[in-house]
Amino acid sequence: MYVCSIGKTRVRKQLGLAVNIQHHIPSLYIHIPFCISKCIYCDFNSIVMKSQAVDEYLKAIEKELQSATGKYSFKTVFIGGGTPTVLNERQLSRLLSMIAKHVDVPNLEEYTIEVNPGTLSNEKAIIMKNSHVDRISIGIQSFSDRYLKLLGRIHSANEAKDVFFYLREKEFKNISIDLIYGYPAQTLNEWKRDLQECCELDPEHISAYCLTYEQGTPIVKLTDSGTLNKLSEEEELKMYEFTNDFLCDNDYNHYEISNFAKQGKECRHNTVYWENREYVGVGAGAFSYVNGERYCNIKNVKEYVSSVKSKKELICFSETLPQKKRASEILIMALRMTSGISRKEFIQRSGFDLNELFEKQLDNLTQAGLINFDDERVKLTRKGLSMADSVMMEFV
Ligand code: SF4
């Protein structure tokens, strides 16, 4: 039986399904693991900021960056976290200057930084603009103060809107807004209002993720104890389907399970993950995928910094997938994109024909109305998109 789960994996956090052995210019991800406080749903690699650790951390990522940029040039840069804008003006300026020193910024296809509305100052926006950052991803999550408080966010809805307007004034022309839906007690009407408010701002890109309940997070304790009640899968599904219809009606192209963009504004950096192309991750817990090998840096910030300092091994995990496993991941990641993958592309990337590996699954899923496979291209149907995680499991 298929279970509704709406593609909840957030690729931007580099959970690491990846693998394309073709060599392209890689993308660069830089992880800033500090936050003001922890949101109750968060299981990302982030810690509450202590001022003394930040400069040491920046020094460490500069060393790592230096060695990475000695080997590669980059197609896109994405600075994520954590909360990159938790850095003070001097630290942010130092981070962006070190990137400018080691990366050919004018030739990047896209240069993104994540912004938490509770941490952006005018000066920081000017530093970003002057450093040629050309895409901002704002973690707004909700336009309801009640839910922002529940989730442990550090900003109000009005502060988030002010930050958006301010970034527009500074002529940032490519802004993405992150939203979360499906939190305890949220109604479909409340979610409609969030989407409405979001569209009124007219961002170029919207990521709308259904809340996930990750083991060990405070929200799971609250739902396990009955203090908060999760929505049912049916309620989550209704919200997901409404999201797709509403955003498409508002001129957003639904190009990935949870991502929507105005024409030509799809996120190029995250598309690298979805297309299994190569990327290099710098910072604590960052994943890389190069030359067919996937590896991950030490996650603990202190250990990461001290390993860089003492020139010890930074990598705590690495693997080179067997060919068939790699082919399966190529398909799983490609199916996240609403355009899916063509048979030809799949052969080029994996070395296998789709039918050779997955004939039975493709037949069954086609009959169940979950995928569309016309012998040339395979992609999820609308029904399949709503059950994406279950469909993907068939190819594992
Ligand atoms: S701001 Fe983002 S990274 Fe930081 S605790 Fe909240 S969800 Fe996690």
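Quick note: the coordinates plus some simple rules give every number you see, no bench work behind them. Just so we're clear, the structure is a prediction, and the values are computed from it rather than from any experiment. Please note: Cβ atoms are built from the backbone with ideal geometry, for glycine as well, and neighbour counts cover all protein chains shown.
Numbers below:
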item	result
Amide proton proximity set for Ile47, modelled H, under 5 Å, gap of 5+	Phe34, Cys35
Footprinting exposure proxy for Glu214, Glu256 (fewest neighbouring C-beta atoms within 10 Å first)	Glu214, Glu256
Value of D in µm² per second that Stokes-Einstein yields for the chain, Kirkwood Rh from Cα pairs, at 4 °C (1.567 mPa s)	60 µm²/s
Neighbourhood net charge (12 Å Cβ-Cβ; Lys/Arg +1, Asp/Glu -1) for Glu329	+4
The stretch 25-54 and the stretch 172-194: distance between their alpha carbon centers, rounded to Å	22 Å
Flagged links, alpha-carbon separation over 27 Å, of Lys71/Lys312; Lys38/Lys75; Lys63/Lys149; Lys71/Lys124; Lys124/Lys149	Lys38/Lys75; Lys63/Lys149; Lys71/Lys124
P(r) tail fraction, the stretch 133-190 - alpha-carbon pairs more than 18 Å apart, %	38 percent
Centroid-to-centroid separation of the stretch 240-258 and the stretch 261-283 [C-alpha atoms, Å]	19 Å
Separation of alpha-carbon centers, the stretch 363-396 and the stretch 70-122, rounded to whole Å	37 Å
Protection-proxy order for peptides 318-327, 265-274, 159-168, each taking the mean of Cβ atoms within 10 Å per residue, highest first	265-274, 159-168, 318-327
